[in-house]
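The next block holds one structure in the form of structure tokens; read it before the comments.
What follows is calculated from the coordinates using simple rules that are stated; it is not laboratory data. In this text the structure is predicted, and so the values were computed from the model without any measurement. Positions of Cβ are generated from backbone atoms using ideal geometry, with glycine treated the same way; all protein chains shown enter the neighbour counts.
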Amino acid sequence: MKAHQSDRLASALLWVGASAIVMLLVAFLVLILGRGLPHLTVEFFNGPDGVRGQLFNSFYILFLSLVFSLPVGLGAGIYMAEYAPKNKLTDLIRLSTESLASVPSIVFGLFGMILFVNMLGLGFTILGGAATLALLNLPILVRVTEESLLAVPRSYREASLALGATMWQTLRKVILPTALPGLITGITLVAGRALGETAILIFTAGMNVSRIPFDVNPLAAGETLAVHLFAVKSNPLPGTNADQIADGTAALLIIMVIVFNICLTIPSRWLQHRHQGKNKA
Amino acid sequence: MPTRQKFDHELEELRTNILNLGNMVNEQITDAVRSLINQDLELANAIVVKDIALNDLQAIIEEKCILLIATQQPFARDLRKLVAGFKISIYLERMGDLSVDLAKVTIRIGEEEFIKPIVDIPRMSALVQEMIDIGLKAYVDEDCGAASEMSLIDDQIDKIYSGVFGELRSIMMEDPNKVTQANYLLFASRFLERLGDYCTNIAEEIVYICNGKRMDLNE
Amino acid sequence: MTNRKSWVYLNDRLARYLFISSAILVSLIILCIIWFVGMQGLSTFKEASILEFFTSSKWSPDNGKFGALTFIAGSIGTTIIAILLGGPLGLAGAVFLAEIAPPWVRSIMRPATDLFAGIPSVVYGYVGITVIVSFTGKITDSPTGYGMLAAGIVLAIMILPTVISLSEDALRSLPRTYKEASLALGATRWQTIRRVLVPAASPGILTAIILAMARAIGETMAVQMVIGNSPRFPDSLGSPTSTLTSNIVMEMGNTPFGSTWNNALFMMAFILLIIALIMIILVRTASRKGAAR
Amino acid sequence: MDKIVVDKLDLFYGDQQALNKICLTMKEKSVTALIGPSGCGKSTFLRTLNRMQDLTPSVKISGKITIDGQDIYAPGTDVVLLRKKVGMVFQNPNPFPKSVFENIAYGPRIHGESDKKRLNEIVETSLKDAALWNEVKDRLHESALGLSGGQQQRLCIARLLAVGPEILLMDEPTSALDPISTMKIEELIAELKDKYSIMIVTHNMHQASRVSDRTAFFLSGDLIEEDVTSILFTRPAKKKTEDYISGRFG
């Protein structure tokens, strides 16, 4: 009977723990949205202290960083999943990817600072920020690509090759389409993380916003929303309603993350559904 | 490592049943010939009755063979052993029938005095029984060599039979009164000759078990 | 046909070269990072002593005192607090998700933890400033509440998704037979979890904990916002102090590139990098042990 | 005419020898079954014939395999063309997660066929040849993963036929199927025999005895015996074969 009691007790405790986790999240959301939503007015975006520029920069830098990192990340992931022979070089590449994934973002930031700000003498630029941010994306992209491709059954590969397809044809027509939902989820993950990244951008993209609205000049400095939140919260400028701006920015960031999650998971679910068809037993 | 234990066990059981069947046939022949010599009608009748048990045993063997083929799906030697066992059981059953036919000769002749001393028939029967013994042993041991030995014995039986056939024919020509009994005796020796042929068929099955080849030993 | 054929083959070869060069590029990047940050950081010791850097807590660059012990201790302290708080809760969540949660609860909790992972670290820092510091202030009886405890709590929440998802994966990837065998022997669900599943998944769980530590020690923004940013050795949970990361953020903007002070900050980043690399090696050994069993 | 001639084929995985001096010939338009215990090398052998074994790292091969008189391991051999000619059916049905039509059109497309009308024709004839047309003609554009296991396997065969192979290699094609589906595949093999040379690996000796003209028995990397199926299953020449087929192995 003792075993049964401890079983029940443990179950109860685990339920409590799990609810605590969920409650914590709910509390987070309620707190942030509750404080921030009332501030999300037109003024908040377009006013003199508006975050229009930051919002634009966030997506612009995200877009550029994906442009830099996607081809390389996908390429390396494909290599690891499909081509890599078992040898020292492959081991080294794998170790480097894992190491790259564990590098703290501030180290990336400093690296970007040495390379782009000082060595190349660009100063704080959107380009440097995006390129450094791309480094943060890379290892996740590689891993996600590799995992999504490895999740494609080996039999698909064999079937295609046995029909006389080349490896590239097999990849393009069978493996990549099958792995697409996984890839999209992975890219969402990367994008969400990049969108909220701060430490890297402080040292590479800087904390200034161009005066021109929607400035696409990649050599301008570009403060993003996340950096903005950090700036107003940790060094509030006197005479501004810094707290309201911070509340609003935090809420906006959270909304962006949520929207991002929803927007990109729905098409991937749909793709998955279409691919697998109606699976009757 | 022993594999297919159950199947091996069943094959063993089948073999025992076939041996039993062979021994029963052997007894039937002995009894039939003895009843003829001693004009023992009671024994002859008993043989007819005993044939029923013999047929039953054959039916059991047949059923078992079908079951093993259907459920164990044997290949190669196992398959050949089963098929051969099946056919041997049929031959033995026929041999049982021939013993009954022999016993019926006893009944037909009844108390009537023999027209000639019964010498060749026991000799033939002894040879047949020797063949059965060799055949059964060879079946158990899967001994190919025994087959040729058996066909040699069959040759002797055939020789005796043609002797008996000539003798009885001259008796019939000399004295028409003796035709009936001579005919019966001719039948009896004919039955024994047939028994020899069946034994040869058994020998052929043994050759089949050994090397999968069909051979005609009746030439 | 022949033309098409050779085109197809050429494509195949080109694609292959493209993929392998991408892979090599990825490896070059990490080497570059180690080289650049390392060189910059190590040049600190042209003027400052190594011994002092690691053993003294006197940080006064203007006076040529480069003792980084405070920051190292702050980083380690906050990380430990974060693991102590977040590890067990995350593991409980993972066990719950993998073994106990009914499907509908799972379908709520999974996206919820994913959302946790998606929240930007500055937002964690923001919540830390607005709520958590006043709470820690009460507990530790300090006027502001800024300090290691606040940072530890924020970090504990931040590492939850890492611990949960990796541990859950480890639990889920166990063969079904383990669980079935134990339940079939009449063990209760809890006995099965505690004696069979968790031990069997321990390499994966260990990996989760180590990666969570890596994330906690490298976390910058959230920590910087709640740690208090005072270069004082952390002698209590509630007093303002600094970590390696927070100090880099604080001082990097005010120091000229190439100065010893600036280099010392790069040295701190290099320490973080080295710690991260050590963690990776630990993870590799842990997972290899798991595979060997 | 000899379609495949294998001469003294050795295969190593690293240091471990998996095939040992295999010599085997296969006639055109016939069915050869490969039987033997698990790990005896029969699947490995099969996969050397279309060089799928190349995909496994650290495999070394020596000896000679000629198909239609051409050494398929000669340098400069076009592996892609070889695999087009020597098709393979796998143990588990492995349709792509595409529609029935797309599955079958895949092969012709990668080999350069883009004419819609031609593709339609190829899909129809292939499905008919694989005895699947009647079952799927109304659902050509539904996902192939919705078919039953047996249908999926016949779809994989149809997909293969659409490429126009001459030799079909089948690696335990029915081991994942129920008896009725198995029978359908076996019937199909009997029909395909008129046009193709088929080599089939099977664990089911009765399947081998039902579908094949000749049977080869492998044991720990050696080809023990190869003969006309009816002879091999009733009176094999080698004791090892006898022991294996009568279930008294080891």
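One table, with the values for the structure above:
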| read-out | value |
| --- | --- |
| Whole-Hz ³J(HN,Hα) from phi, Karplus 6.51 cos²θ - 1.76 cosθ + 1.60, for segment B:78-94, glycine and proline x | 4, 5, 5, 5, 5, 4, 5, x, 4, 5, 4, 5, 5, 4, 5, 5, 4 |
| Size of electric dipole in segment B:3-211: Cβ of Lys, Arg +1 and of Asp, Glu -1, about Cα centre, debye, nearest 20 | 320 |
| Highest-fluctuation residue, D:SER181, D:SER148, D:SER126 considered, GNM on chain D with Cα pairs under 10 Å | D:SER148 |
| Crossing angle, helix D:100-110 versus chain D [Cα axis fit, 0-90 degrees, rounded to tens] | 70 |
| Protection proxy ranking of C:133-144, A:71-82, B:121-132, B:33-44 - average other beta-carbon atoms within 10 Å, highest first | A:71-82, B:121-132, B:33-44, C:133-144 |
| Hydrodynamic radius of segment D:2-245 per Kirkwood, over alpha carbon pairs, in Å | 18.5 |
| Max mean-square fluctuation residue, GNM over chain C, Cα-Cα springs under 10 Å, options C:SER43, C:SER246, C:SER259 | C:SER259 |
| Acute angle (nearest 10 degrees) that the helix B:41-72 long axis makes with the longest principal axis of chain B, alpha-carbon atoms | 20 |
| Average partner coverage of A:8-18, which counts Cβ from other chains inside 10 Å | 6 |
| Value of D in µm² per second that Stokes-Einstein yields for segment A:52-280, Kirkwood Rh from Cα pairs, at 25 °C (0.890 mPa s) | 127 |
| All aspartates and glutamates inside 14 Å of D:LYS98 as judged from Cα atoms, apart from same-chain residues fewer than 8 positions distant | D:GLU142 |
| DSSP H segments from chain C that extend 27 Å or more along their own axis, Cα-based, with Kyte-Doolittle mean of 0.0 or above | C:2-42, C:69-95, C:148-172, C:260-292 |
| Placed amide H near A:GLU223: partners under 5 Å, 5+ positions off or other chain | A:ASN208, A:VAL209, A:SER210 |
| Sites D:HIS206 and A:GLU147 - FRET efficiency at Förster radius 56 Å, r taken between beta-carbons, to 0.05 | 0.85 |
| C-alpha center-to-center spacing [segment B:93-114, segment C:1-79] in angstrom | 109 |
| Computed [θ] at 222 nm, helices only, for the protein assembly as shown once each DSSP H run of length n ≥ 4 contributes -39500 (n - 2.57) | -22000 deg cm²/dmol |
| No Cys partner within the rule (Cβ under 4.7 Å), chain B | B:CYS65, B:CYS199 |
| Too-long pairs where the Cα-Cα distance tops 26 Å, listed order kept, from A:LYS86/D:LYS21; C:LYS5/D:LYS42; B:LYS137/B:LYS213; D:LYS193/D:LYS238 | A:LYS86/D:LYS21; C:LYS5/D:LYS42; D:LYS193/D:LYS238 |
| C:ILE24 versus A:ASN217: modelled label distance in nm, points set 7 Å from Cα along the beta carbon direction | 3.8 |
| For segment A:41-118 and segment C:101-178, distance of Cα centres in Å | 24 |
| Interchain or long-range residues, amide H under 5 Å from D:GLY63's placed H | D:ASP10 |
| Using θ = phi - 60° and Karplus 6.51 cos²θ - 1.76 cosθ + 1.60, couplings along segment B:119-130 (whole Hz; Gly, Pro as x) | 10, 6, 4, x, 5, 4, 4, 4, 5, 4, 5, 4 |
| Protection proxy ranking, peptides A:177-184, A:223-230, C:24-31, C:238-245, average beta carbon neighbours within 10 Å, highest first | A:223-230, C:238-245, A:177-184, C:24-31 |
| Taking all pairs of distinct alpha-carbon atoms in the protein assembly as shown, Kirkwood radius in angstrom | 36.0 |
| For chain C, the fraction of alpha-carbon pairs in successive 5 Å shells from zero, as % | 1, 5, 10, 12, 13, 13, 12, 10, 8, 6, 5, 3, 2, 1, 0, 0, 0 |
| Segments C:211-222, C:95-106, D:235-246, B:173-184 sorted - mean Cβ within 10 Å per residue, highest first | C:211-222, D:235-246, C:95-106, B:173-184 |
| Compactness of chain B, expressed as Rg and Dmax over alpha-carbon positions, Å | 19.0, 71 |
| Nonlocal amide H pairs with D:PHE218, under 5 Å, H built at 1.01 Å | D:ILE35, D:GLY36, D:ILE224 |
| Residue with peak Gaussian network fluctuation, chain A [Cα springs, cutoff 10 Å], from A:LEU150, A:LEU70, A:LEU13 | A:LEU13 |
| Average beta carbon contacts from partner chains per residue of D:101-112, 10 Å cutoff | 4 |
| Shielding by other protein chains, A:130-141, mean Cβ within 10 Å | 1 |
